[in-house]
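All remarks here apply to the structure that follows.
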Amino acid sequence: MPTASPPEINSNPAPRITVVGSFAVGLTLRAPRFPVPGETLLGSDFDQGPGGKGSNQAVAAARLGARVNFIGAVGEDEYAGVADRLFAAEGVGARLRRVKERNTSVGFIVLNTAGENFIILDPGANTALNAADIQASADLIGSSDLLVAVMEIPDEPVAEALRIARAAGVRTLLNPAPARPLSGEVLSNVDVLTPNESELRILLGLAPNDPTPTETLVWRLLERGLELVVVALGRQGALVATRDGLELIPSRRAAVVDTTGAGDAFNAALSVALPPGRGVAESARRAAAAGALAVTRLGVIPALPTLAELEAFLKEPV
């Protein structure tokens, strides 16, 4: 049975968002370049902090003004306390299953001087999250304005969360990262899908660098019944696709320091913007701006903008 830590009571206003996903602790090093096999490089600026795409997006959404609850799993170890302290500090309600047989997830991140990164992740306790954990939190999902799910957990809890939300009339958003092919049953319960370009291809069973135009691939997803597909294009912004057509939303220029948290900032901003009824293009514009702002800072949690920071950034000249 999941335990509540801290209570799922938030004082900030709607929208109400429940995130089902992963928590991890990130261990980060900077290096002049990425090593080749067998090579040892001297790095610098070691940092340790909370991460996991689900947790990151929950924190980011809370900073942007949403009432947020998070459903996930951690181990019975010192890194589980990192989750407790993070969610308490950020005002995120959490239902965390404590998994005795697995460690809290950890990720090893290396950043080069160009701000690029590679990540090796041990999913740990995230792999133990199951449908029963989600069913035990059906009350949270059913009282939400939006369910957000990420894929650093098994398919079973993702599918169950989407099913419960759809049955309750709650809008659903799936961030398919890390990407893998999805069944038609899962996609049938998704309203909004937010892949990047490589994830879009993997979802369709293609190689991540398949040359088929992104616009063509997006139409294939819309034909499966999705309401909205927003493709994150990095520095190029976002491609918004509905059955009414496609629209390219340009990103704002930003000095790249670290790209690690950009996708999570993007998805969180989109998640917060959609439930109040902002237009799809305006929601994507805010998402692209949040992603651009995040790359200007080192780390993930420190890079996630507050609502005031995002509003100020949006007012700057393009």
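The values are calculated or read from the model by the stated rules, or taken from the named source; none is laboratory data. Every value quoted in this text rests on a predicted model; they were computed, and no experiment measured them. Every residue, glycine among them, receives a Cβ derived from its backbone with ideal geometry; neighbour counts consider all protein chains shown.
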Answer residue from segment 84-108, given it is within 17 Å of the chain's Cα centre (by Cα) and farther than 24 Å from Asp145 by Cα and is modelled with the highest pLDDT among those = Ser105
key: segment 10-21, residues that are crowded, with 24+ Cβ neighbours inside 10 Å and either outside any loop (DSSP other than H, G, I, E, B) or among the acidic types (Asp, Glu) (or both)   = Ile17, Thr18, Val19, Val20
ask   = How many residues does segment 230-242 contain that are surrounded by fewer than 22 Cβ atoms within 10 Å (Cβ to Cβ) and either of a type in the set (A, V, I, L, M, F, W, C) or over 15 Å from Ala290 (Cβ atoms) (or both)?
value = 4
ask   = Limited to segment 25-41, what total is found for residues that are of a type in the set (A, V, I, L, M, F, W, C) and more than 11 Å from Val110 (Cβ to Cβ)?
value = 2
inquiry  = Yes or no: segment 127-148 includes at least one residue that is in contact (Cβ under 8 Å) with a residue 60 or more places away in the chain, loosely packed, with under 15 Cβ neighbours inside 10 Å and more than 30 Å from Glu78 (Cα to Cα).
reply    = yes
query = Can you spot a residue in segment 284-291 that is among the basic types (Lys, Arg) and either at positive phi or surrounded by fewer than 16 Cβ atoms within 10 Å (Cβ to Cβ) (or both)?
reply = no
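Here's the yes/no breakdown for (1) among the small types (Gly, Ala, Ser); (2) closer than 27 Å to Glu160 by Cα; (3) modelled with pLDDT of 90 or more:
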| site | (1), (2), (3) |
| --- | --- |
| Ile9 | no, yes, no |
| Thr28 | no, no, no |
| Pro37 | no, no, yes |
| Thr40 | no, no, yes |
| Ser44 | yes, no, yes |
| Gln57 | no, yes, yes |
| Gly72 | yes, yes, yes |
query = In segment 196-205, is there at least one residue being more than 25 Å from Gly291 (Cβ to Cβ), over 15 Å from the mean Cα position of the chain (by Cα) and either surrounded by fewer than 18 Cβ atoms within 10 Å (Cβ to Cβ) or not charged (D, E, K, R) (or both)?
reply = yes
message = Quick check on segment 159-173. Is at least one of its residues hydrophobic (A, V, I, L, M, F, W, C) and surrounded by fewer than 17 Cβ atoms within 10 Å (Cβ to Cβ)?
response = yes
ask   = Of the residues in segment 22-79, how many are surrounded by 14 or more Cβ atoms within 10 Å (Cβ to Cβ) and within 30 Å of Leu307 (Cα to Cα)?
value = 37
query = Do we find a residue being modelled with pLDDT under 95 and among the basic types (Lys, Arg) anywhere in segment 173-182?
reply = yes
request  = For segment 54-62, indicate whether the set of residues that are β-branched (Val, Ile, Thr) and under 17 Å from Thr260 (Cα atoms) is non-empty.
outcome  = yes
